[in-house]
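K.L.:
Sharing a structure below in structure tokens format, with a few things to ask.
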Amino acid sequence: MSLLSGLLDHMPPAIPDTDSPKVDSRPGPRLVLASHVERPGKFITGPHANAATATPEWRQARDQYLSHIMVCRSCYAPTGRHCSVGADLRASYDNTAMAAHQ
């Protein structure tokens with residue numbers, strides 16, 4: 001005797017053709033795509049929109065800002081709270097062009 005058969009001993013036997021659930025034979029509603037909708041992209045980036053191809057000045061400003069906020073106990077970037085040095089570095093980072101043609 002297996003464990004499964006011991007569990008099944010307490011269940012009533014299944015008898016065919018007795019009180020089977022009623023099945024609705026009508027087909028349900030079907031979803032159909034009425035027409036294709038063209039949506040413009042939310043954010044279109046240029047060919048130089050990444051750190052690997054950014055200007056050296058932008059990378060330096062980014063690195064200085066990130067190095068500062070990682071160790072400064074007064075700066076908390078998610079809420080925009082910065083000490084005076086952090087605020088200056090953030091402003092420099094924001095005002096430095098990422099691509100040479102900007």
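The values are calculated or read from the model by the stated rules, or taken from the named source; none is laboratory data. Computed from a predicted model, the values in this text were never measured in an experiment. Glycine also receives a Cβ, built like all others from the backbone with ideal geometry; neighbour counts cover every protein chain displayed.
K.L.:
Applying the selection to the range 56-84, what residues are touching a Cys at 6+ places or on another chain (Cβ under 9 Å) and surrounded by 14 or more Cβ atoms within 10 Å (Cβ to Cβ)?
P.N.:
Correct list: His68, Ile69, Cys72, Cys75, His82, Cys83.
K.L.:
Among the residues of the range 85-102, which ones are polar (S, T, N, Q) and surrounded by fewer than 15 Cβ atoms within 10 Å (Cβ to Cβ)? Spell out how you get there, then give the answer.
P.N.:
Filtering the range 85-102 for residues polar (S, T, N, Q) gives 92, 95-96, 102.
Asn95, Gln102 - these are the residues of the range 85-102 that are polar (S, T, N, Q) and surrounded by fewer than 15 Cβ atoms within 10 Å (Cβ to Cβ).
K.L.:
Evaluate the range 10-26: report whether one residue or more is part of a loop (DSSP other than H, G, I, E, B) and either modelled with pLDDT of 90 or more or surrounded by 10 or more Cβ atoms within 10 Å (Cβ to Cβ) (or both).
P.N.:
no
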